[in-house]
Each structure stands twice: as structure tokens, then as C-alpha cells.
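Read the structure below first, then the notes.
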């Protein structure tokens, strides 16, 4: 029996006004990643982020996402970063190596820089699964990654304000 993913209803978006975001998009599997980018931009706009507060950066593939995210975080210009990519399983173990390296690299970059970095990288068995997760709307994984980035940016700002007051 295959595990079924259950979804809670999407929470309302936190306010993104006044926050700056980097949206880093892999060009590999571009038909999917461009749909993820559109979903992320839709979430940021819905949450009130100004277009001038969203900077889009492109990288060749998912493997380069952690490097770009780390460099963007190190600039100090962004409240949060959204990484978007798509790795589709093939006939070799390449999928496992790339998916693992990207996940760990993004997590390490966030931990070491102190900037929230959202993981919007699809790791699917086939292109149909990827396309399903990149459909327009709140189920779009780019939208979900941007929503997580917004939540984390607000949380980090709240924590910084509390620390200043104490």
C-alpha cells in the first residue's frame, strides 16, 4: 500500500510587505520550474510583497541552488530565499545523489547564514508527478515554498524585535 499525502487546508499567508525575497530558479526541467516560479510569485504578491522586493535569480540546475542561496543570503539583502527546482528520477542513482545534496546544501546554507531558505525542489518519480505539483493555485509547490519563506521571514523579524526589547 502506498502512503497517501494528506493536506491540511492552506493557512492564510502572513504579510510580506516590507520584506525582501530572493527567488532562485533552476533552468533544468524549465517547464516545471517556471510554473513553480509563477506559483511562488503569486504567493508573494498575494501576501503583499512589492515587485521591487522580489529578486529572481536563475541557476543551471538544482545542484547549483544551495550555492546561489548561500551567496544570496550572505549579501544581507534578503529576509528569506525561495529555492525552486525539479529533479526527476531516472534509470541511474544520479537522482538520489542530486536530491540528497540539494536538500542538505540548502539546509546547511540556511543554518550557517541565519537566513530562512525555503525548499521548493520537487523530487519526483516522473514528469507527470512533477507537473501535478506545479499546477496553478495553492497546491503549487512553489506557492507553498514562498508561503513558508514568508512565515519564516516574519518569525525571524519577530524574534529580532523581541531580542531588541529585552
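The values are calculated or read from the model by the stated rules, or taken from the named source; none is laboratory data. Keep in mind it's a predicted model, so treat the numbers as computed, not measured. As a convention, Cβ positions derive from the backbone with ideal geometry for all residues, glycine included, and neighbour counts pool all protein chains shown.
Structure above, values below:
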quantity	calculated
Residue match in the range 12-27 (condition: assigned to a loop (DSSP other than H, G, I, E, B), under 19 Å from residue 60 (Cβ atoms) and at pLDDT 90 or above)	yes
Total residues in the range 38-55, condition crowded, with 24+ Cβ neighbours inside 10 Å, farther than 11 Å from residue 16 by Cβ and in contact with a strand residue (DSSP E or B) (Cβ under 7 Å, 6 or more places away or on another chain)	1
Residue among 148, 153, 163 that is modelled with pLDDT under 95, part of a helix (DSSP H, G or I), over 20 Å from residue 27 (Cα atoms) and out of contact with any helix residue (DSSP H, G or I) (no Cβ under 9 Å at 6 or more places or on another chain)	163
Test: residue in the range 77-100 that is within 22 Å of residue 29 (Cα to Cα), surrounded by fewer than 22 Cβ atoms within 10 Å (Cβ to Cβ) and under 15 Å from the mean Cα position of the chain (by Cα)	yes
Subset of the range 61-78 [outside any helix (DSSP H, G or I) and in contact with a strand residue (DSSP E or B) (Cβ under 7 Å, 6 or more places away or on another chain)]	61, 78
One residue from 82, 115 being in a loop (DSSP other than H, G, I, E, B), closer than 13 Å to residue 21 by Cα and touching a helix residue (DSSP H, G or I) at 6+ places or on another chain (Cβ under 6 Å)	115
Per-region count, the range 43-54, residues in a helix (DSSP H, G or I) and in contact with a helix residue (DSSP H, G or I) (Cβ under 6 Å, 6 or more places away or on another chain)	2
Positions within the range 118-135 being in contact with a helix residue (DSSP H, G or I) (Cβ under 7 Å, 6 or more places away or on another chain) and either surrounded by fewer than 18 Cβ atoms within 10 Å (Cβ to Cβ) or at positive phi (or both), in sequence order	131
